[in-house]
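Reviewing the structure listed below.
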Amino acid sequence: MLDRFFELFVIVLVIFFITLLLMEKVSYIYNINEKYQIIYNQFMDGRVLIKEITEQYTDNICNLTSNNFNPSIMDNLASFPYEIIYENLSNTSQEYIFSNDNITNMQNNYIEFNRVCYYNGSLYLVSVLVQ
Amino acid sequence: MKSFSISIFIELVVVIIVLYFILTSTYYSNFYIRGYNKEDLYASLISINYMYLNNTQQLNSSLYQIVTNILPYYYVEINGQVAFNNTNLNESEQGIETFYIINGSVDYVDIYWK
């Protein structure tokens, strides 16, 4: 009688754990989809932002103007966390960084977009980091 | 009647616990993605036109600044001769040809990358 009880108990336990595993797998697939959606959103945000700062706020495509170095414009471009870095390639000590207040930590999980543009006689590396 | 043995029960429990950890382990990583680079390269190459270049050597240095900052693997030719590269031509997958007019003469530039 006790043997029969233990057999049933083991079967119930196995079924219970298999159910848990299946549920874990399903939630894992949902998490992957969510992760890809976040990356997709980051990617589209970054593309729009880099096109805007190198084509809309400039004289022509990739011909930077003083608008690009104006903090009141560059710090309020979007609500998502971003960082814009202008680096002079001829004089590497010259660097301008603009960002909005929503940034938490730019050390990981970001997408970077780079363009090289002309301003005031030299080439600048324009980087847009989107979190 | 079959008798129940405790060793099988323990084995089962251990196997289930191990399986649980193997199947539910997810790979968490910090990711850093470099954005799509073809359109950025085209836009960046336009900026050479705003510079006042005098000779092919200056074109070479400007191209070097642009290409090395945007492409991870590149193979660049100016007028059919290798200017700078960090990969072989047969390994590259895509490429573009463009030209710049400097002092009235045309300089052809081929950029390949992978």
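The values are calculated or read from the model by the stated rules, or taken from the named source; none is laboratory data. Values in this document were obtained by computation on a predicted structure and should not be read as measured data. Here the Cβ positions follow ideal geometry from the backbone for every residue, glycine too, while neighbour counts run over all protein chains shown. The accessibility values were calculated without ligands, DNA or RNA, using every heavy atom of the protein model including side chains. Shrake-Rupley method; radii C 1.70, N 1.55, O 1.52, S 1.80 Å.
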Practice task
Enter the mean number of other protein chain beta carbons within 10 Å of the beta carbon of each residue in A:115-128, as an integer.
Solution key: 5
Fill in the blank from the handout: The simple spin-label model distance between A:Asn70 and B:Asn37, using points 7 Å out along Cα→Cβ, in nm, is 3.3 nm
Fill in the blank from the handout: FRET efficiency for A:Val48 and A:Asn109 from the Cβ-Cβ distance with R0 = 22 Å, rounded to 0.05, comes out at 0.70
Exercise for the section: Note every residue of the stretch B:48-89 with a reduction of at least 50 square angstrom in accessible area, all protein chains present versus the isolated chain, computed with a 1.4 Å probe, or write none. Expected result: B:Tyr50, B:Met51, B:Gln65, B:Asn69
Practice task
Determine the total buried accessible area between chain A and chain B, counting protein heavy atoms only with a 1.4 Å probe; round to the nearest 100 Å².
Solution key: 3500 Å²
Practice task
Kindly provide the helix-only [θ] at 222 nm of the protein assembly as shown, computed as the sum of -39,500 (n - 2.57) over DSSP H runs of four or more divided by all residues, to the nearest 500 deg cm²/dmol?
Solution key: -13500 deg cm²/dmol
Problem - Against the rule of thumb 2.2 N^0.38 Å, how large the Cα Rg of the protein assembly as shown comes out - result: 1.59
Handout entry: Taking chain A and dividing mean pair separation by its residue count, relative contact order in percent (alpha carbons under 8 Å, at least six apart)
Key = 23 percent
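When the accessible area of chain B is computed with all protein chains present and a 1.4 Å probe, what percentage of it is carbon and sulfur?
55 percent
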Fill in the blank from the handout: Expected max-MSF residue from A:Leu77, A:Leu89, A:Leu20 in the GNM of chain A (alpha carbon, under 10 Å) is A:Leu20
Practice task
Taking only protein heavy atoms into account and a 1.4 Å probe, give the accessible area per residue of the protein assembly as shown in Å².
Solution key: 60 Å²
Exercise for the section: Pull up all non-local amide H partners of A:Asn100: gap of 5 or more, or a different chain, and H-to-H distance under 5 Å with H placed in the peptide plane. Expected result: A:Tyr82
Completion exercise
Length-normalised contact order of chain B, Cα under 8 Å, at least 6 apart, in percent, tallies to 19 percent
Completion exercise
Quick calc, A:Lys35 & B:Asn88: beta-carbon distance into FRET formula, R0 41 Å, rounding 0.05, result 0.70
Handout entry: Positive-end residue of A:Ile53, A:Asn68, A:Gln94, charge dipole of the stretch A:9-131 with Cβ unit charges
Key = A:Ile53
Exercise for the section: Starting from the Cα of B:Thr68, step 7 Å toward the Cβ, then list every residue of the stretch A:94-123 with an amide N under 12 Å from that point. Expected result: none
Exercise for the section: Mark the label point 7 Å from the Cα of B:Phe9 along Cα→Cβ and return the residues of the stretch A:1-45 whose backbone N is within less than 14 Å of it. Expected result: A:1-14
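Is there a simple number for the mean count of other chain Cβ atoms within 10 Å of the Cβ of residues in A:93-101, and what is it?
Taking all residues of A:93-101 together, the mean is 0.
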Handout entry: the stretch A:19-131 - percent of accessible surface contributed by carbon and sulfur, probe 1.4 Å
Key = 49 percent
Completion exercise
Expressed in nanometres to one decimal, the distance between label points 7 Å along Cα→Cβ at B:Thr98 and B:Ile17 is 6.2 nm
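Quick one: of the DSSP bridges fully inside the protein assembly as shown, what percent are antiparallel, nearest 5? Write down the numbers at each step before the final one.
Values: 40 of 44 bridges.
Looking only at bridges with both residues in the protein assembly as shown, the antiparallel portion is about 90 percent.
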Exercise for the section: Round to the nearest 10 and give me the degree value, 0 to 90, for the angle of helix A:2-51's Cα axis relative to the longest principal axis of chain A. Expected result: 10 degrees
